[in-house]
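What follows is calculated from the coordinates using simple rules that are stated; it is not laboratory data. Only a predicted model underlies this, so the values are computations on that prediction, with no experimental measurement involved. Don't worry about glycine lacking a Cβ; one is built from the backbone with ideal geometry, like all the others, and counts go over all protein chains shown.
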Amino acid sequence: VDPRYVLERWSKNVRRNHTNISSSYDEPVLDKRTQRYNGALSRSFEACQVGSKSEGRTAILHRGLDRIFSELQEYDEEEKENAKEKRKTTISHEDCTLNDINDLQSPQH
């Protein structure tokens, strides 16, 4: 097929940045978590674009992502510990037995 008949959008090498664009009519109904996700996604997309330009940059990006994942895991563990200390009436599946749950759910006599 002659190259003049092949449109650029059909190429597998075309950049498709339109997938990152949010529609304006959805903005008011976005909750805080979705807004945080969209912000993190756009920042990570930029980092991946810069990091993929060479092997050295990719290695730096991977080290940074590994560090970020370990920090997030530590943060999750700290949140769980804080929640356990603050929790008074809620019972997690990690902290109780089936008998404890049945006692909680049984009606008052």
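Our coupling estimate for region 39-52, obtained by passing each phi through the Karplus curve with A = 6.51, B = -1.76, C = 1.60 and θ = phi - 60°, is x, 5, 5, 5, 5, 6, 4, 5, 4, 5, 5, 6, x, 8 Hz, Gly and Pro reported as x. Here the spin labels are modelled as points 7 Å beyond Cα on the Cα-Cβ line, and at residue 34 and residue 2 they lie 4.8 nm apart.
A simple spin-label model places the labels of residue 60 and residue 85 3.8 nm from each other, with each point 7 Å out along Cα-to-Cβ.
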